[in-house]
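The values are calculated or read from the model by the stated rules, or taken from the named source; none is laboratory data. The shown structure was predicted, so the numbers you read here are calculated from the model rather than taken from an experiment. Positions of Cβ are generated from backbone atoms using ideal geometry, with glycine treated the same way; all protein chains shown enter the neighbour counts.
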Amino acid sequence: MIKCDLSAVVHNHVYLFVFMLFISLVILLAIKKFEDLVPALVNCFEESISMIRAVSVANAPLFDCSICTLQCVNLAVELFLDVMNKFLPRSAPLVALPDGGPDFAVSDILQLLKKLWEAFPIVQIHGATAKESERLFILNVEIAVTFLNLFKWIDDSSLLIERFLWFIGNVFLGEQVDGSFPPNKALMEKKICRILPFIPGLVSQVTGSWRPHLLKAFTFAFNVSEVDPQIILLYLSAMEEMLLPTRSCGMMLSNHPEMFGFQVEWLRELPRILVCHGDKHSNISNVILKLLMRIGQSSVPNSPLALEYDRLQWLLKGFYCNRGFEETVIYGPFIMLPTDCQELAVSIIYYFSSLSIELLESLAFCCLSPAMDALMVIRTIEVLHSAYRAGRVNISYHIGFLFTLIARSKVSPKWFSVEVKDGSFTNREVFRSLTRYVCLCLSNMGDNSLVLKLLFKAIFKELIMKPLLDNSHGMLKIIITLKIKCSILSDENLGSLSDWLAGYLIDASSYIQEEVDADVQSDLYRIFKYYVHPCVILFCRNDKLLFHVLELFASFMMDGSIPVQFHSSVNYPHDLSARVHTVSSILLLMYDEVIVHRSLYSSKDAIQMILQNIEIILDSNEFNMNFEEKHWLQDIFNKLKTKFKFQCLKL
């Protein structure tokens, strides 16, 4: 047994030795090939430049040859570094390579490229045309990219390093360096794409005044660049490395005070791009929103960057929604973005340490838009509720946001048609799901009585707006969820709520059929019952409320006074039979609900008042009723009198 174990160990060591030997040979081969190829390419480039300077008129093929040669040098350097990065970390501790190992080979690259380094930047040829100047600029950029790959091994004491950094800075600033500059912005931006990936590493390595110089040049180029997806994505990638402390460059730069001003400028520019171009370039919006979310996730609370992140709320308002002239609503790009972008745009809200009421208002308008997907509305509520539980949303702001969605959502009035006039499908089921979720959030906010007291202010303010039936139904569901009791209602609130409920029930009665004893299984009766049901629950919990509503019904039946809200087309003030029919139908429906019998018995005086008023109408000659109408009214009276035997209801 022991023998087998020792044999396995020996075999493992042999395999490891062979593997390390193979890696060593690969690295040595890469070094050998590089040492043979690069000097030849550099000499070829020198000859091409000499020939260009020797002729009076620059030859296009010579320029093309020089550019091709530099691209080959770049490719050789990149391939060599790729081999080193791929194999060196695992092989270095175990295999000692000759001549000082790979470290010597990497540093030796600079010696092989010494002539190229000393010739940089190549100065402008006297009398060169714009096209020749353009080619010269391309040559210098290709040389710069070669040394950007190797910059961490370049000796800081080299005098040429200042010329190199000055050239990089001026490429971003669009300024001339030794007569070499691009004649057009398009070429400059194209070549900036080659340099951008190296900027974070370069900024983290340079010292002295070069860091702010490079950051200023980078920021300037970003601010003036056109919204081209390719180049903007490269800028954003570079910013992410310099902004996030979770990245290697971000860690190195996080302690440098000169970085903060530039980071703030970058942050403030991101919302501008979102607002101006968000829905036109959704891929850019996606990257910006991901970047904002990562910054929010990684920012240290109360740090300067976190405080600046909070201030983005004011800049992002236009991205979601703004109020225009005369309170018109102006939607931003958010509403038109694909779902994945909207998901990110909603998620970043969580990371603001204190959400402003203005931003919540913008979000509410978006959620009320018909263009907003129902699932995204629910997701928005979910994020905001999580932010509330984390202490980032004021309780009254959060309650106001949730209530606004219920009070202001537009629900199709059609019950039986699949499609409404504007082509959109009925959203009643969506609204019911929204109501259930809002009620769940409100019931989880703490003391329900306190939440309801805060809500009453909004509810009674909304009554003035005369809400439609479905919105009123949603508000009633909220009140029921929070379990209203007599003790939390002042006399003023009780009166206002009674008026509202009376008007709401009269509105709902537009769905009842002409016959008082109509089929309870009919669709219209079910709709009527759907709207009345929350009122029945409220009346079971609050006898005073029911009594006041029945008192209003008694008065309404006699004089046609109209409560606060009203949307029925029936002319109740001039239609006595309609008034009697409405009140009678509501009473009979409540009688069919056994759970409300006890409350009806408590309000027997008000019901007796209704019966007495019907009796007065029957005995009076003021109402000009014919024989058929009197017979119909007598029939209603008999039905009510038979049903409401209060000794039977006393349970």
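Before moving on, here are some points about what is shown:
- Within segment 336-362, the set of residues being in a helix (DSSP H, G or I), out of contact with any Ser or Thr (no Cβ under 6 Å at 6 or more places or on another chain) and among the hydrophobic types (A, V, I, L, M, F, W, C) comprises M336, L344, A345, I348, I349, I357, L359, L360.
- For segment 252-269, the count of residues that are in contact with a Gly (Cβ under 8 Å, 6 or more places away or on another chain) and surrounded by 21 or more Cβ atoms within 10 Å (Cβ to Cβ) is zero.
- Long-range neighbours under 8 Å by Cβ, at least six apart or interchain, first residue in contact (Cβ under 8 Å) with a residue 12 or more places away in the chain and of a type outside the set (D, E, K, R) within segment 577-597, second surrounded by 21 or more Cβ atoms within 10 Å (Cβ to Cβ) and assigned to a loop (DSSP other than H, G, I, E, B): H581/I512; T582/I512; S585/I512
- When N184 is tested against (1) out of contact with any Phe, Trp or Tyr (no Cβ under 8 Å at 6 or more places or on another chain); (2) within 15 Å of A217 (Cα to Cα); (3) at pLDDT below 85, only condition (2) is not met.
- Search result, residues across segment 201-217 that are touching a Phe, Trp or Tyr at 6+ places or on another chain (Cβ under 9 Å) and among the charged types (D, E, K, R): K216
- Number of residues in segment 298-327 that are within 18 Å of F260 (Cα to Cα) and part of a helix (DSSP H, G or I) equals 10.
- Residue within segment 392-403 that is under 25 Å from S356 (Cβ atoms), in a loop (DSSP other than H, G, I, E, B), basic (K, R) and modelled with pLDDT of 90 or more present: yes
- Test for V206: is it closer than 23 Å to D82 by Cβ and at pLDDT 85 or above: no
- T339 being over 16 Å from L405 (Cα atoms), β-branched (V, I, T) and under 13 Å from the mean Cα position of the chain (by Cα): yes
- Listed by first and then second residue, the pairs linking a residue in segment 369-388 that is small (G, A, S) to a residue that is outside any helix (DSSP H, G or I), with Cβ atoms under 6 Å apart and 6 or more places separating them unless they lie on different chains, are A387/V393.
Each row is one residue, and each column tells you yes or no for (1) at pLDDT 90 or above; (2) among the aliphatic types (A, V, I, L, M); (3) crowded, with 19+ Cβ neighbours inside 10 Å.
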position	(1), (2), (3)
F198	yes, no, no
F220	yes, no, no
L233	yes, yes, no
M239	yes, yes, yes
R247	no, no, no
P271	yes, no, yes
L274	yes, yes, yes
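- Among the residues of segment 424-436, the ones that are at pLDDT below 90 and either part of a loop (DSSP other than H, G, I, E, B) or of a type outside the set (D, E, K, R) (or both) come to 5 in all.
- In segment 532-543, the condition of being over 29 Å from L405 (Cβ atoms) and modelled with pLDDT of 80 or more is met by at least one residue.
- Pairing residues of segment 185-211 that are over 30 Å from A130 (Cα atoms) with residues that are small (G, A, S) and modelled with pLDDT under 85, at Cβ distances under 9 Å and at least 6 apart in sequence or on separate chains, gives P200/S248; P200/G250; G201/S248; S204/S248; S204/G250.
- Just one of the listed residues (G391, G400) is of a type in the set (G, A, S) and touching a residue at least 24 places away in the same chain (Cβ under 8 Å), and it is G400.
- Each residue in segment 101-139 was checked for being in a helix (DSSP H, G or I) and either at pLDDT 80 or above or not hydroxyl-bearing (S, T, Y) (or both), and 26 of them qualify.
- Hits in segment 349-388 (condition: β-branched (V, I, T) and either within 16 Å of L315 (Cβ to Cβ) or in contact with a Phe, Trp or Tyr (Cβ under 8 Å, 6 or more places away or on another chain) (or both)): I349, I357, I378, I381, V383
- Restricting segment 437-446 to residues that are part of a loop (DSSP other than H, G, I, E, B) and at negative phi, the residue that is surrounded by the fewest Cβ atoms within 10 Å (Cβ to Cβ): N444
- Restricting attention to segment 140-181 and to residues that are surrounded by fewer than 17 Cβ atoms within 10 Å (Cβ to Cβ) and acidic (D, E), the residue that is modelled with the lowest pLDDT turns out to be D178.
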